[in-house]
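Worksheet: the structure to be examined is printed underneath.
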Amino acid sequence: MSHTTSSTRRAAAQRLLLSVDSLWPDAPQVTVDAKAERLARCGNPFTLSAPDGTYRIYAASGEFLLLAQVTDGTAVTIKSFFEVS
């Protein structure tokens, strides 16, 4: 198979894939600051000024980090999606 055909097939396959955060379209998107990101990446709760509910949490870089449940201004991880190195 030629390089061009392989690249074309790869590009076609990529168009079929959905980003994982698209699975929760009704969960609002929130970008957190560096402190909250650090806490979240370590699995700790963090303060989030948002009404109670489920949120998609993003780093300032735009990376989707996790799905969180917010209760009384505290966000707790439901499921994280970032790579651990």
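Residue by residue, here is whether (1) more than 22 Å from VAL20 (Cα to Cα); (2) in contact (Cβ under 8 Å) with a residue 60 or more places away in the chain; (3) out of contact with any Gly (no Cβ under 9 Å at 6 or more places or on another chain) holds:
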| residue | (1), (2), (3) |
| --- | --- |
| SER49 | yes, no, no |
| GLY53 | no, no, yes |
| ARG56 | no, no, yes |
| LEU66 | no, no, yes |
| GLN69 | no, no, no |
| THR74 | yes, no, yes |
| ILE78 | no, no, yes |
| PHE81 | no, yes, yes |
| VAL84 | no, no, yes |
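Could you tell me which numbered condition VAL20 fails, if it satisfies all but one of (1) in contact with a Phe, Trp or Tyr (Cβ under 7 Å, 6 or more places away or on another chain); (2) surrounded by 13 or more Cβ atoms within 10 Å (Cβ to Cβ)?
That leaves (2) as the condition not met.
Out of curiosity, is SER7 without any contact (Cβ under 8 Å) to a residue 60 or more places away in the chain, among the polar types (S, T, N, Q) and part of a loop (DSSP other than H, G, I, E, B)?
no
Quick check on my filter: what residues within segment 13-27 are part of a loop (DSSP other than H, G, I, E, B) and either among the hydrophobic types (A, V, I, L, M, F, W, C) or in contact with a Pro (Cβ under 9 Å, 6 or more places away or on another chain) (or both)?
LEU17, LEU18, TRP24, ALA27
Laboratory data are not the source of any read-out in this text; all were calculated from the coordinates shown. Treat the numbers as computed from the prediction; the structure is a model and nothing was measured. Note that we place each Cβ from the backbone using ideal geometry, even for glycine, and neighbour counts take in every protein chain shown.
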